[in-house]
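Trainee: Starting off with a structure, shown below.
The values are calculated or read from the model by the stated rules, or taken from the named source; none is laboratory data. Note that the coordinates shown come from a computational prediction; the quantities given were computed from them, not determined experimentally. FYI the Cβ positions are ideal-geometry reconstructions off the backbone, even for glycines, and counts take in every protein chain you see.
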Amino acid sequence: MGFLNILEVSRKQYYIFKSNKLKENIGASEIIAFVTEELPQEICKKHNGSIVSSGGGNVIFYFENEDDNKNFTKEYSKYLLNEFPMLEFFITSIEFDPCKSQIIGKIRELYTKLEKKKAKRDQYSYIVDFGITEKCSSTKLPAIKKDKNSKEFYSGESWSKVKMYKDNEDKFKKYAIDIKDLGISKNEKSYIAITYIDGNRMGKRIKKLRDKYQEKYTENNVKEVNDEYIKAFNDFSEEVKTAFEKAYDKMVEVVKSKSEYLIKSGLNIKEGVVPIRKIILAGDDVCYITDARIALECAYIFINELEKHYAGGEKITAGVGIAMVKEKYPFFKTYELAEELCKNAKSGIPDEANESRIDWHIVQGEYNNNLTEIREVIYKTHDNKNLSLRPLVISENSNYINQYILFKKDIENIQNKVPRSKVKGMLKEMKKGEKHLDTYIEINQLYKALGEHRIGAKTGFVDGKCVLFDAIEVMDYFISLS
């Protein structure tokens, strides 16, 4: 009797963004990649196992006997506990006969067992320190290491991240390795942006694939269908992985080619450094950090390239969330906001549509962790209409008023055709409501701000939504890359 074994690294984002030090974020990201890719492959091979599938922080293995299964689990667990303190992971397994057991049902059973194990999370307590030790500035845990150069104290967790960064430093140097490398300029609104991108309806696509092969099973073809399903699933995963990697590479390529233009536009870019820091690029799960001024355009380039690719015969689309914050704002809270914005972008997509949408928020002051409340209170006019069109549709060939390309035209018109003083006046009046903005536009003859693409929005509003607010709010945080 064989065994299916699954491992999962849990709370990855919390582990990565616990610190506001970019080198620790990079090191943490590399650790997660290492413990879900290279390390398990190496230990699995050592114990005569094979990888069934991999992706999204989960890896499923097959072992032909219980001893190999247990020895793999012990060696892998011991390595992580010794080398990477505070990295949370789970491993569990079930019996599996590849000739008699339908692997689709067995994988479902394996995930159910994993979720029960995660939900249980046995409570335990331990003494953190005795009150006489130096504390790590990132984790506030007892320090176990003092860096000779920086004189900083590190806990076991922080030092493992820094060490991973230092061991791989050469491959990071072409990209931002410090906040200042992102291009933040002095005397500017020094905002950074964390962008989170997640593929649309991947769960439904996988279910469709599962159902297709579930129907093929008979008493005599179990192993054959098992092998076909695993191949089809891995092919699908590889198509998704390749598409997102190519989209990311395209975005980097464009930003790199625009370096002189970006410097002229105000970004303080170091020579030979691309002002982007990749944090996560795993399957359809992507996260990176940029200067806020190029965040929207970077996402637009990413999605345009992504939608050229297909997986399982369907075009790949995604939701995008961008959180723009002051550089010292806590990274983990920023990431949580970006993730919430991504979910909000995806939630508005009609069931019949296969399109990409983007949402963003600029944190000015303290964020109260309630995006819905902010949109319902602060982003409402006095006559109870919506100031914002967000989320915007990035996909082309749509007729929505909230298209990203129309939003870009709004910014261009306002920046080039409306005096700054009038822009401030428009912002003040639009918050009062549609009639007030309509009157202000008419008195000051600001119809050029609307442009031909907003011909149906003479008052500055359409269907109870203001078509100009998003452009005015973000214009100081926007540099066009096209």
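Trainee: Which one is modelled with the lowest pLDDT, of the residues in the stretch 366-383 that are under 25 Å from CYS298 (Cβ atoms) and either part of a loop (DSSP other than H, G, I, E, B) or out of contact with any helix residue (DSSP H, G or I) (no Cβ under 8 Å at 6 or more places or on another chain) (or both)?
Mentor: Restricting to residues being under 25 Å from CYS298 (Cβ atoms) and either part of a loop (DSSP other than H, G, I, E, B) or out of contact with any helix residue (DSSP H, G or I) (no Cβ under 8 Å at 6 or more places or on another chain) (or both), the top hit is TYR367.
Trainee: Further question: Which is of a type in the set (Gly, Ala, Ser), buried (at least 18 other Cβ atoms within 10 Å of the Cβ) and in contact with a Gly (Cβ under 9 Å, 6 or more places away or on another chain), of GLY199, GLY266?
Mentor: On inspection, the qualifying residue turns out to be GLY199.
Trainee: Could you tell me which numbered condition MET475 fails, if it satisfies all but one of (1) free of Cβ contacts under 8 Å to residues at least 24 places away in the same chain; (2) surrounded by fewer than 16 Cβ atoms within 10 Å (Cβ to Cβ); (3) not acidic (Asp, Glu)?
Mentor: For MET475, the exception is condition (1).
Trainee: Given the conditions (1) among the basic types (Lys, Arg); (2) free of Cβ contacts under 8 Å to residues at least 24 places away in the same chain; (3) closer than 26 Å to PHE233 by Cα, which single one is not true for LYS74?
Mentor: So LYS74 meets the others, but not (3).
Trainee: Shifting gears a bit: Given the conditions (1) part of a helix (DSSP H, G or I); (2) crowded, with 20+ Cβ neighbours inside 10 Å; (3) among the hydrophobic types (A, V, I, L, M, F, W, C), report the number of the one that ILE206 does not fulfil.
Mentor: (2)
Trainee: Can you find a residue that is part of a helix (DSSP H, G or I), closer than 19 Å to HIS382 by Cα and touching a helix residue (DSSP H, G or I) at 6+ places or on another chain (Cβ under 8 Å) anywhere in the stretch 451-471?
Mentor: Yes, the conditions are met somewhere in the stretch 451-471.
Trainee: Please state which of the following conditions GLY57 fails to meet, knowing it meets all the rest: (1) farther than 30 Å from GLN102 by Cα; (2) modelled with pLDDT under 95.
Mentor: (1)
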